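First the structure, in the form of structure tokens, and then the observations on it.
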Amino acid sequence: MGLTITEKILKEHALNFTEYGGFKSLKVKVDQTLTQDATGTMAYLQFEALGVKRVKTKLSVAYVDHNTLQAGFMNADDHRYIKTVAKKYGIYYSKPGNGICHQVHLERFSVPGEVLIGSDSHTPTSGGIGMLSFGAGGFDVACAMAGLPYEISPFKIVKINLKGELKPFVSAKDVILKILQMLTVKGGVGRIFEYSGEGVRSLSVPERATITNMGAELGATTSIFPSDEITREFLAAQGREKDWKPLAADEDAKYYETIEVDLSSLEPLVACPHSPDNVKTVKELEGLKINQVCIGSCTNSSLTDMMKVSYILRGNKVYEDVDLVISPGSRQVLTMLSRNGFLSDIIDAGARVLECACGPCIGMGQSPKSEGVCLRTFNRNFYGRSGTKDASIYLVSPEVAAFSAIKGELSCPLEKDFNFTIFKTPEKFVVNDNMICPPATEEEAESVVVEKGPNIKSFPVAEEFEESFKAKVAIKVEDNITTDHIMPAGAKILPYRSNIPFLSQFCFEVVDPNFSKRAKEFKRSIIVAGINYGQGSSREHAALVPLYLGVRIVIAKSFARIHKANLVNAGILPLTFEEEKDYEKLKEGEELLAENLKETLNKERKVIFKTENNSKIITNCDLEKEQIEIVLKGGLLNHIKKSEFNKLSKN
């Protein structure tokens, strides 16, 4: 029997690979890692705590692209810490302004057939180049840099067969929005999506990367495209043809499921507030008045995206009641726009050009006005993520965004004659890596001093669980709670990502402003949640901050993959209701008692809680044996310190 793309890569990298028959957890050797600064400081503090002298990956890169607004010393201090850690331990450092981690990594570092993990949920962007790429928690990345394998939760491989070609003015963004409409934000849980079919040949590497980027919104483990001649041309244009290798599924490869998508039948789509799967056609909402348009993010900030936007804006004027802001994805993109004249068309039309960073996508500036209506080419439109709670955020393609910015309303541009076929991958990209700092040599590293500013605090470490556990429910939340709900982003909070005590006052702020105070009063507590708890960003702070506040158990109907792993790493026990109706029985402030917690957890993979009225709530634990050991010992750091790791890796 033939192999899928995923299986071919895992066969070379998984320590416990077996031929297809459904995968359980796999431990995978990691070739590359990436971090970004909102998660990176914590990841490197954890890496230092492991006591390893040098990273053991082929390549590790630290990017600064989230906290680039330096209002006060906090972000600048974090950047200095990350830069000095990178210099000392063998990590490349991408300076502020060099670009968004996923765009730059696609351009300069991604390699077909290798394994990448990153402390950002959109790391699967590199799947567009045929790299098996996973979003992960910061501690998982720290462990990979230290030479430990990365554990992938059980998954099934799903084939998405692309037929036909996209019509003019229909884009890769519309492809992934259509799949989100079909499958919802829960449709990818426990799935790896492989794209294939004749339609793949019509998509450039940046277009493929747009699709794999937003696979994160499906809850997918990851997504991947073949590495073909189009991949080779992209890498050759980047001066990296030596990194190319052909990679495709065998004709007789077996998949769990096949999903058909006819590219020629698609039309421009829009994701409506407040979820990426709330998708309608642009025609259905045509005429919706808008106040703001934001173009950029790791989803849609490539050179071809920006050139299409410029082409639409050329000779036109941004509507007077609309603010248009544009963030090129990398300095390479900005340089090429400035050299080929396309940047002047953007400026002349009345757009504001921001630096090459995440910017508005992470809530770092450009919040809409109160009750504002904003079109964004980003990947998420969660409630409050923009920085304005009562704003309505719609996700669209760059083409729709640019055309609507001129019109002053959401507009479907299908009737316009724009010849986008002229925008192909250039034969040669402008390559200038001056803003990527190489690490010191091992000899030089001895004299490098790691600099920590006063805002950098130690991360919390949990204590071991006792046999009997008693705690109150600190909060009860609904379905699809995101990590933005748990630990918000934005310009007010992001500078304190390395200061857990300060961050704690904002935990669950958008859901219940009193949560932090109540959790501190309870000292030890439980969170009760609905379906898909912890979806969205990979931010580890959504586990570390609740831990700091005393949360030790989360009982949910189901969990998002990365957040569940982060809970385990932090020493918080994730449990699911054996009967979902029991969710209704629990209320905030109720005290629960679990006797013989360790015994029932180890023997039966269950925890039985007794409520205040002496009824029973039975919960299940689907963790692997080692994961249970990690949680019971108080998290991954405690577990590692008590293992053979220190003897094996301190060299």
- Message: Among 514-521, 495-502, how do they line up by average Cβ neighbours within 10 Å per residue, starting with the highest?
- Response: 495-502, 514-521
- Note on the structure: Most packed first (mean Cβ within 10 Å per residue), the peptides 116-123, 311-318 order as 116-123, 311-318
- Task: Quickly work out the LYS625-to-LYS641 label distance, labels modelled 7 Å from Cα along the C-beta direction, and quote it in nm with one decimal.
- Result: 2.6 nm
- Note on the structure: For the stretch 275-412, whose charge dipole is built from +1 on Lys and Arg Cβ atoms and -1 on Asp and Glu Cβ atoms, the candidate among SER344, GLY387, SER330 with its Cα farthest towards the positive end is SER330
- Message: Quick query: amide H of ASP323 versus all other amide H atoms, modeled in the peptide plane; which residues come in under 5 Å with a sequence gap of 5 or more or a different chain?
- Response: GLN292, VAL293
- Whole-Hz Karplus couplings 3J(HN,Hα) for the stretch 473-488, θ = phi - 60° and coefficients 6.51, -1.76, 1.60, Gly and Pro as x, run 6, 7, 7, 10, 10, 8, 6, 6, 6, 9, 5, 5, 5, 6, 9, x
- For the stretch 547-631, what D do you get in µm² per second when you plug the Kirkwood radius from alpha-carbon pairs into Stokes-Einstein at 25 °C and 0.890 mPa s? 184 µm²/s
- Message: Greater than 20 Å separation of Cα atoms is the criterion. Which listed pairs, LYS564/LYS633; LYS472/LYS603; LYS11/LYS642; LYS186/LYS492, meet it?
- Response: LYS472/LYS603; LYS11/LYS642; LYS186/LYS492
- List the residues whose amide H sits under 5 Å from the amide H of ALA556, counting only those 5 or more places along or on another chain, with H placed 1.01 Å from N in the peptide plane. ALA529, LEU575, THR576, PHE577
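I need the shape label for the stretch 469-648. Rule: rounded when a/c is under 1.5, else prolate if a/b > b/c, else oblate, with a, b, c from the alpha carbon gyration tensor.
In terms of gyration-tensor shape, oblate.
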- Restricting the count to DSSP beta bridges whose residues both fall in the stretch 275-412, what percent are antiparallel, rounded to a multiple of 5? 5 percent
- Message: List the residues, sorted by chain then number, that are 5 or more residues from ASP262 or on another chain and whose placed amide H is less than 5 Å from its amide H.
- Response: LYS163
- Query: Candidates (1) 27; (2) 33; (3) 67; which is the computed percent of Cα pairs over 39 Å apart?
  - Reply: (1)
- How about the stretch 238-281: which GluC sites (Glu not before Pro) there are in a DSSP loop, with at most 12 other Cβ atoms within 10 Å of their Cβ? GLU251
- Counting alpha carbon pairs within less than 8 Å and at least 6 residues apart, what relative contact order, in whole percent, applies to the stretch 469-648? 22 percent
- State the antiparallel share, in %, of DSSP beta bridges confined to the chain, rounding to the nearest 5. 30 percent
- Task: Determine ³J(HN,Hα), in whole Hz, for all residues of the stretch 557-571 in sequence, where each value follows from phi through the Karplus function 6.51 cos²θ - 1.76 cosθ + 1.60 and θ = phi - 60°; x replaces Gly and Pro.
- Result: 6, 6, 10, 6, 4, 5, 5, 4, 5, 5, 4, 4, 4, 7, x
- Message: Using the Cα centre of the chain as the reference point, and only Cβ charges (+1 on K/R, -1 on D/E), how large is the resulting charge dipole? Debye, rounded to the nearest 20.
- Response: 1200 debye
- Note on the structure: Exposure-ranked with fewest Cβ neighbours within 10 Å first, LEU375, LEU592, LEU395, LEU69 stand as LEU69, LEU592, LEU375, LEU395
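Mind putting a number on the dipole of the stretch 469-648 about its Cα centre? Charges go on the C-beta only, +1 for Lys and Arg and -1 for Asp and Glu, and I need it in Debye to the nearest 20.
Charge dipole of the stretch 469-648: 620 debye, to the nearest 20.
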- Taking the Cα centre of the stretch 595-634 as origin, sum charge times position over the Cβ atoms of Lys and Arg (+1) and Asp and Glu (-1), and report the length of that vector in debye to the nearest 20. 100 debye
- Query: For the charge dipole of the stretch 27-118, defined by +1 on Lys and Arg C-beta atoms and -1 on Asp and Glu C-beta atoms about the Cα centroid, which residue among GLY90, THR39, GLN103 has the Cα displaced farthest towards the positive pole?
  - Reply: GLY90
- Note on the structure: Nearest 10, in degrees from 0 to 90: the angle of helix 398-407 to the longest Cα principal axis of the chain is 60 degrees
- Among PRO495, LEU637, THR57, whose Cα lies farthest out toward the positive end of the dipole of the chain, if unit charges sit on the beta carbon of Lys, Arg (+1) and Asp, Glu (-1)? LEU637
- Helix axis angle, 172-183 relative to the chain longest principal axis, alpha carbon, degrees: 40 degrees
- Note on the structure: A correct Karplus calculation of ³J(HN,Hα) over the stretch 187-192, with 6.51 cos²θ - 1.76 cosθ + 1.60, θ = phi - 60°, whole Hz and x for Gly and Pro, returns x, x, 4, x, 10, 10
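The numbers here are math on the coordinates, done by the rules we state, and not lab data. Computed from a predicted structure; not experimentally measured. Cβ coordinates were reconstructed from backbone atoms using ideal geometry, including for glycine residues, and neighbour counts include every protein chain displayed.
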